[in-house]
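Participant: Structure in structure tokens, see below.
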Amino acid sequence: MNAALTTGGTMDATSVSPAVLLADHLKALKLPTFAREYDKVAAIAAQDRADYPRYLLRLCELERIDRERRIVERRIRQAKFPQVKSLDTLDFTAQPSLNKALVLELARGDWLIRRSNVVALGPSGTGKTHLALALGLAACQKGHSVAFVTAAALVHELMEARDERRLRKLQQHLASVKLLIIDELGYVPFTAVGAELLFEILSQRYERASTLITSNLPFDEWTSVFGSERLTGALLDRLTHHVNILEMNGDSYRLAASAKRQKQSNAKQEAGMT
Ligand code: ADP
Ligand code: MG
């Protein structure tokens, strides 16, 4: 502990330089941007002949901008996205069936305030995960908590929590996030218990918080994943009560990209041969 610190944890103002005291106070007040910038901003303020309130105002603005950025970064980490992807890199011309206007509206985040859902449907490679990641990122930037998980991993986690008697806690956590993204529903069928546990999560979130699901299966084939027709009906009923459906029925972006690369390399080879 710093010798200049008194028993109360504050510094002895008589023996320590103001810069050290200030650093200590700003740390205690959790104002890291103040601590980092006050000197630089002071020099600029002196140049501009800015008065004290203006000087303080600039520091406050910097601190708030930085704080917002740190909070968004924390939200992104907590969302556990497998990758960070945004709408900027989503090529809408490659997927003409995708409703661009609706996607852009969803990125504004009002659907999260209305607690409605999104379902993205389409075959493999059509950009469903990319879109889910991009809408998840936009939600983080708009101030909402997000959790990203694949359907198989979620069911696995729920089963594990149940076996370890901490299901209630996990359910409470999953119910508390503003946006739950469940990716890849449809590739792996669930056991009866798994289907029931996933149904419970969606029931608990119904009209309380938004869920985004991506699936390679149209709704009428969801019974093949959940097993029970009754359960699937009840689940779809809740999920689709307030829902925006994004259909992506075009070609696989992966296939198109590799076909394009193949064509280019063939053309190069041919050019090299002549
Ligand atoms: P899906 O989840 O539907 O199987 P992905 O989202 O994983 O498809 O897309 C496969 C790959 O192609 C990813 O790398 C993704 O970023 C890219 N991709 C898909 N669609 C587009 C698109 N319209 N514009 C840009 N990249 C895309
Ligand atoms: Mg995917």
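Participant: Among DSSP beta bridges whose residues both lie in the chain, state the antiparallel percentage, nearest 5.
Facilitator: Rounded to the nearest five, the antiparallel share is 5 percent.
Participant: Out of residues 5 or more away from G127 or on other chains, whose amide H comes under 5 Å of its own, with H placed 1.01 Å from N in the peptide plane?
Facilitator: Y253
Participant: Still on this structure: To the nearest µm²/s, what D does Stokes-Einstein give for region 138-197 at 4 °C and 1.567 mPa s, using the Kirkwood radius over alpha carbon pairs as Rh?
Facilitator: 105
Participant: Considering the Cα trace of region 90-134, what is its radius of gyration and what is Dmax, both in angstroms?
Facilitator: Answer for region 90-134, Rg first and Dmax second: 10.9, 30 Å.
Participant: How many Lys pairs in the chain lie less than 15 angstrom apart by Cα atoms, where the lysines are 8 or more positions apart or on different chains?
Facilitator: Lysine pairs meeting both conditions in the chain amount to 5.
Participant: Viscosity 1.306 mPa s, temperature 10 °C: give me the Stokes-Einstein translational D for region 190-253 in µm²/s, with Rh taken as the Kirkwood radius over C-alpha pairs.
Facilitator: D = 125 µm²/s.
Participant: Also, quick follow-up: Got a sec? Charge dipole of region 80-255, +1 on Cβ for Lys and Arg, -1 for Asp and Glu; which of L112, S224, V193 is way out at the positive end?
Facilitator: Of the listed residues, the answer is L112.
Participant: Which whole-number percentage describes the relative contact order of the chain, with Cα contacts under 8 Å and a sequence gap of 6 or more?
Facilitator: About 22 percent, as a whole number.
Participant: What's the whole-number percent of alpha carbon pairs in the chain lying beyond 26 angstrom?
Facilitator: Here the tail beyond 26 Å accounts for 58 percent of pairs.
Readers should treat all values here as calculations from the given coordinates under stated rules, not as data from a laboratory. Not measured: the values here are computed from a predicted model. For neighbour counting, all protein chains shown are included, and Cβ atoms are generated from backbone atoms with ideal geometry for every residue, glycine included.
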